[in-house]
1. Heavy atoms of the protein only, probe of 1.4 Å, neighbouring chains included. What is the accessible area of B:E150 in Å², nearest 10?
2. Which sequence of B:F275, B:F13, A:F101 reflects their accessible areas, 1.4 Å probe, from the largest down?
3. With a 10 Å cut-off between alpha carbons and a GNM built on chain A, which of A:K141, A:K156, A:K127 moves the most?
4. Pairwise over distinct Cα atoms, reciprocal of the mean inverse distance: report the Kirkwood radius of region B:1-138 in Å, one decimal place.
5. Rg to Rh ratio, chain B, alpha-carbon atoms and Kirkwood radius?
6. Among the helices of chain A (complete DSSP H runs), which have Cα atoms covering no less than 20 Å along the helix axis and a Kyte-Doolittle mean of at least 0.0?
7. Could you work out how much longer the chain between A:M41 and A:L201 gets when fully extended? Use 0.36 nm per residue separation minus the Cα distance between them, nm to one decimal.
8. How tilted is helix B:133-165 with respect to the longest principal axis of chain B? Cα atoms for both, answer in degrees (0 to 90, nearest 10).
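The values are calculated or read from the model by the stated rules, or taken from the named source; none is laboratory data. Just so it is clear, the model here is predicted, and its values are computed rather than measured. Glycine also receives a Cβ, built like all others from the backbone with ideal geometry; neighbour counts cover every protein chain displayed. Protein only, heavy atoms only, side chains kept; ligands, DNA and RNA dropped before computing areas. Shrake-Rupley method; radii C 1.70, N 1.55, O 1.52, S 1.80 Å.
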Amino acid sequence: MTTFLKITLELLEGFGKTCEIFFVTLALALPLGLVIAFGSMCRLRPVRAVVRAIVWVVRGTPLMLQIIVVFYGPSLIFGVYGFDRELAAIVAFVINYACYFSEIYRGGIQSVPVGQREAGQVLGMSKTQIFFRVTFMQMIKRIVAPMSNEIITLVKDTSLVRVISVVEIIMVAETSMRKGLIWPLFYTGVFYLLFVGLLTLLFRYAEKKLEYIKI
Amino acid sequence: MEYYHVEGFRKRFSETEVLKGIGFDLPKGKIMAIIGASGSGKTTLLRCLNFLEKPDEGKIYIDGALLFDAKARYSERELREKRLRSGLVFQSFNLFPHYRALKNISLAPELLARRHIRAYRKEQLEASRGEPFFARRKQVRRRTRAYAKELKETNRERAESLLAEVGLADKRDSYPHELSGGQQQRIAIARALALSPDVLCFDEPTSALDPELTAEVLGVIRRLKGQTMIIVTHEMSFAREVADYVLFMADGVVEEAGTPEEIFLHPKSEKTKAFLKCREENS
């Protein structure tokens, strides 16, 4: 029983790190994704091309590889050492997820009928006003489902940070596995399940709250 | 030159020239109906008049003053100012689905009011120059807030009276999807009126409606006395009844223009005759 309690506390600590990476990534990648979405829809062709190329590279390579590149890259290229592991992991996650989010945003924005924008224009609204007052909520309504998918994936992707030895829940379990205890590894699933369950409820609530918008 | 004067509108989409030099005059408070077959450029003309489409050539004068010249370059902001002079009611309503009826109407005026509020604040700051810093800020903030509240109240009252005008006072808190097509279009008309445009344009306002809903929308338009209006329509009987002028478009030009009697009873052009005959047979 005491082992169980001890392991639970250890895993909980590892899960704290998991949550930390999750929330920081989410807080930064959500707005950054919107910026990238605008970049990929920019009227200036060079901007659009560059942004789309970045999205292609980021979505086209494994996240694990990106974490490694961000962490080891600076020291290999510039000879700078002492880069914070967790910071590197978060940078990689934010860039990666912002690119995925940007495509979801883009789809959401482009699926709002052009007549909505025209109605705003005819009423003398500025582009910014049209985006925030007319398009935004309609976009949100459309992207809740794909976003929830992506965000739930993020929860589990956080386990990748252990490639640069950031200690999160799976790594904690692996450590105890090396000491001969296998069950903590399976036990980690419970933490993920509970967390994702909570998120699922949250998304369901959001969908319910947005039901008043009929498109 | 009459109150609303349009001249020389040309618009080309890659290979096809949709407008080939359109011009007309409309006195203040009068109603003009634009009729013509599909593809004759009616909708494109309306879109150009509301700057949703950039014409290649053309000028608009309102009350003798040049409002728009296709040859000039206007900034985004200038164009926005110009758009406020005219209104457009769409065929497909295009109400904002996430706002209630009242908010649909009051949104644009509220956003415009922000500018007045900023100007007012600046004015107040200027006027109170020399007074102690914190006291001055506090006072200006209080006055600006009161002013903003007052404007908001005015806007809301105006939106409510417009709702009443289109006969939907009881639907102020309904979302667009809870309303019938006819009701939605009436809200859209109120929304366009809220900015008091000099000219209100309608792009086939009843085409998306069932026949039994058409009447209520036409009834609302009929009651807008004194508003200068341009109505693109397929409803010949309506055009005949409410319009002061009728303009028949064919292949991007004004084929014939005149009073309803002239156009409907004594058409001169062969194309007009053929179009009206075809319409009669269909109805």
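1. The value for B:E150 is about 110 Å².
2. From most accessible down to least: B:F13, B:F275, A:F101.
3. A:K127
4. Taking every pair of different Cα atoms in region B:1-138, averaging 1/r and inverting gives 18.3 Å.
5. 1.05
6. A:2-40, A:45-60, A:63-78, A:85-110, A:136-157, A:183-209
7. Once the chain is fully extended between A:M41 and A:L201, it gains 54.3 nm.
8. With rounding to tens, the tilt is 30 degrees.
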